[in-house]
Amino acid sequence: MTDSTARPKLLQPLDRTALVLMLVLGLAIALLILKGDRTAPHVRDFSWQNAHVGAEDTAFLFTFSRPMDRTSVEENLRLEPPLPGKFSWSGRRMAYTLEKPAPYGTQFEVRLQGARDRFDNSDDERTAIEPFLGKFQTRDRAFVYLGVEGEQEGRLVMYNLTHQQEQVLTPENLVVMDFEPYPDGDRILFSATDRTAQQQGSLDQRIYTVTTGIQVRSPDSLGGQDPASTSIEPQSAGVIQQLLDSQDYQNLKFDLSPDGQTVIVQRVSRENPGADFGLWILQPDAEPRPLETEPGGDFLIAPDSSSVAIAQGQGMAILPLDDQADPLDFLPQFGMVMSFSRDGTAAAMVRFNVEPQNPTRSLFLVTNQGTEEEIFRTDGSILSAEFDPAKRFLYCLMTELLPTEAYLEQPYLIAVDLETKQRTNLLLLPIQRDIQMSLAPDGLGILFDQVIAETEEGVEPGVLRSQEGKAIASSKLWFLPVVLAADGTPAPVEAQPLPLAGLRPHWLP
């Protein structure tokens with residue numbers, strides 16, 4: 001007979017080992033829960049680490065390894081040089097938004113130490129954040145202009161103020177007519193004609209790009225990658241690429257979209273100029289195509305890079321760049337758009353006031369909310385208007401008619417406070433129409449030119465002409481610092497001459 005009572009089986013050695021390990025691990029977990037995590041928090045990612053920051057970069061991000069005591073982070077964050085801004089949080093991520101763009105041509109350090117975990121014991125030094133040091137720099141302070149003397153006449157020239165370096169970008173055989181930098185400043189879009197043809201009186205503009213040699217490592221291009229592992233291919237300055245020929249069409253004005261992906265060119269057919277005239281679109285990896293719309297006058301691509309404002313008929317039409325879409329808006333009371341704010345919420349537009357005895361022009365602030373507010377009125381001209389980065393001030397180049405028998409316009413450089421509508425005359429300029437201005441992307445300075453027309457008889461004319469058709473003998477470049485008074489408004493200061501002879505200065509973004 002067998003015994004009906006079963007004896008318990010003894011644990012095998014492997015089972016005993018597993019049981020012991022389970023008990024040890026359980027005890028360790030319990031102790032960890034009771035005492036809490038003693039590992040020090042640290043910064044996992046800093047979005048501007050070793051980046052080249054531009055005016056469009058308005059905020060940097062910190063990502064932490066643990067939830068942080070927000071007050072301790074905000075009180076211990078240090079920027080050198082200081083940059084005023086405000087904090088915002090989302091979980092373990094903190095954003096610091098600048099009040100205004102960081103000054104160009106500057107290197108910065110970001111330090112954080114002494115901040116603490118949200119759940120830590122403030123007496124436990126082991127849970128203070130690991131000290132962090134971040135570094136970034138703003139883009140070089142640089143601009144391009146059209147040379148007017150000697151070997152530079154009619155050629156694009158770049159001047160880097162940060163490094164005090166000058167570089168001629170375009171070849172001697174081309175005479176540049178107009179130009180506009182790409183968003184990263186690595187290329188310049190320009191129109192030019194052959195120098196020999198220009199000297200013979202023939203204008204045969206083609207559209208080109210030229211490289212500047214500038215290498216920008218923007219925060220967006222890094223995309224959270226380690227900059228040390230992100231290589232940038234060296235690029236030489238002066239590499240020319242033709243975008244559009246002039247065989248069948250004459251190329252007139254052009255504009256570059258803010259994202260650098262679209263070029264719009266005003267073209268007229270050589271065979272049928274009366275009927276075939278309008279805007280053409282150039283985009284990467286696509287053939288040039290006409291924009292199916294009514295012909296118009298001055299135009300400007302909007303900040304969204306997907307629509308264009310163009311003078312049509314008795315007003316300004318806002319048209320999509322998609323041929324299949326309907327017009328977005330029509331503003332019958334305006335005849336010209338001078339500029340858009342960077343965020344696209346406002347525009348500076350000109351209204352031509354038809355008054356038989358005293359015709360005038362008005363500059364209006366037009367918003368995407370439908371408001372239209374007159375900023376000022378003049379019996380002269382409104383040559384240009386640019387918003388400052390914070391969208392508080394509008395810097396304008398305008399003229400007023402002088403009370404003389406001869407028709408003379410006195411040009412001014414002014415600043416308008418868009419909150420109070422107060423106008424400040426920053427600079428009285430020489431009497432001439434060939435003046436152009438450019439506001440620095442960080443809002444800290446204005447470039448403008450002073451043309452010297454050729455008046456001597458018997459002098460062989462050059463390739464450059466003023467608006468009146470006179471040969472240009474030379475032109476000076478000037479720099480006007482933007483200095484804020486105690487009330488925060490721009491104050492008149494003395495302009496500084498630059499040791500450069502050039503036309504149409506334009507800051508690189």
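The values are calculated or read from the model by the stated rules, or taken from the named source; none is laboratory data. This one's a predicted model, so the numbers in the text were calculated from it and none came from an experiment. Quick reminder, even Gly has a Cβ in these numbers, built from the backbone with ideal geometry, and neighbours come from all protein chains shown. These accessible areas exclude ligands, DNA and RNA; they are computed on the full protein's heavy atoms, side chains included. Shrake-Rupley method; radii C 1.70, N 1.55, O 1.52, S 1.80 Å.
Note on D326/D259: beta-carbon distance plugged into 1/(1 + (r/R0)^6) with R0 of 25 Å gives a FRET efficiency of 0.65.
The label-point distance for N173 and N358, in a model that sets each label 7 Å from Cα toward Cβ, rounds to 5.6 nm. Applying 0.36 nm per residue to the separation of E287 and R93 and subtracting their alpha-carbon distance, the gain on full extension is 65.5 nm. Can you check what the net charge comes to around C396, using other residues whose Cβ is under 11 Å from the Cβ of C396 (Lys, Arg +1; Asp, Glu -1)? Net local charge, C396 excluded: 0.
Residues whose amide H falls under 5 Å from that of L498, counting only those 5 or more places apart or on a different chain, are L477, W478, F479, with hydrogens built in the peptide plane. For the chain, the calculated P(r) over all alpha carbon pairs, in 10 Å bins from 0 to the bin holding the longest distance, is 3, 15, 23, 23, 14, 7, 5, 3, 2, 2, 1, 1, 0, 0, 0 percent. Put the Cα centre of the range 285-314 next to the Cα centre of the range 94-153 and the gap is 38 Å. The calculated FRET efficiency for E151 paired with F119, based on their beta-carbon distance and R0 = 60 Å, is about 0.30. Note on T420 and A237: the extension gain reaches 61.4 nm, defined as 0.36 nm multiplied by sequence separation minus the Cα-Cα distance. For the pair I318 and L61 in one chain, pulling the backbone fully straight at 0.36 nm per residue adds 89.0 nm over the alpha carbon distance. Note on T489: accessible area approximately 10 square angstrom, rounded to 10, probe 1.4 Å, nucleic acids and ligands left out. On the range 335-434, 51 percent of the accessible area sits on carbon and sulfur atoms, based on a 1.4 Å probe.
3J(HN,Hα) along the range 385-396: 8, 9, 6, 6, x, 7, 6, 9, 10, 10, 9, 10 Hz, from the Karplus curve 6.51 cos²θ - 1.76 cosθ + 1.60 with θ = phi - 60°, whole Hz, x for Gly and Pro. Under the simplified labelling scheme, the A485-V24 pair shows an inter-label distance of 7.8 nm, with each label point 7 Å from Cα along Cα→Cβ. Calculated mean residue ellipticity, 222 nm, the chain: -2000 deg cm²/dmol, from DSSP H runs (n ≥ 4) at -39500 (n - 2.57) each, averaged per residue and rounded to 500. With angles folded into 0 to 90 degrees, how steeply does helix 13-35 sit against the dominant principal axis of the chain? Use alpha carbons for both and round to 10. That works out to roughly 50 degrees. Out of every Cα-Cα pair in the range 400-509, what percent are more than 19 Å apart? Percent of Cα pairs beyond 19 Å in the range 400-509: 54.
Residue ranges 133-139, 258-264 sort as 133-139, 258-264 when ordered by packing (mean number of other C-beta atoms within 10 Å per residue, highest first).
Karplus-based coupling profile of the range 235-249, in residue order and whole Hz: 10, 7, 7, x, 7, 9, 9, 7, 9, 8, 8, 10, 5, 9, 9, with θ = phi - 60° in 6.51 cos²θ - 1.76 cosθ + 1.60 and x standing for Gly or Pro.
Per-residue accessible area (protein heavy atoms, 1.4 Å probe) orders T58, T367, T127 as T58, T367, T127, starting from the largest.
Across the range 84-96, coupling constants 3J(HN,Hα) worked out from phi with the 6.51/-1.76/1.60 Karplus curve, θ = phi - 60°, read x, x, 9, 9, 8, 10, 8, x, 8, 10, 10, 10, 10 Hz, and Gly and Pro carry x. Put S65, S236 in order of accessible area, highest first, and with a 1.4 Å probe you get S236, S65. Computed on the Cα trace of the range 34-104, the radius of gyration divided by the Kirkwood hydrodynamic radius gives Rg/Rh = 1.02.
For the chain, the solvent-accessible area works out to 54 Å² per residue, with a probe of 1.4 Å and every protein chain left in place. The heavy atoms of D245 offer some 70 square angstrom of accessible surface to a 1.4 angstrom probe.
Taking each of K253/K476; K100/K476; K253/K470; K135/K476; K86/K135; K86/K391 in turn, the alpha-carbon distance tops 27 angstrom for K100/K476; K135/K476. When the surface is traced with a 1.4 Å probe over the full set of protein chains, M336 keeps roughly 50 Å² accessible. Amide H to amide H distances under 5 Å link D178 with S191, where only residues 5 or more positions off or on other chains count and H is placed in the peptide plane.
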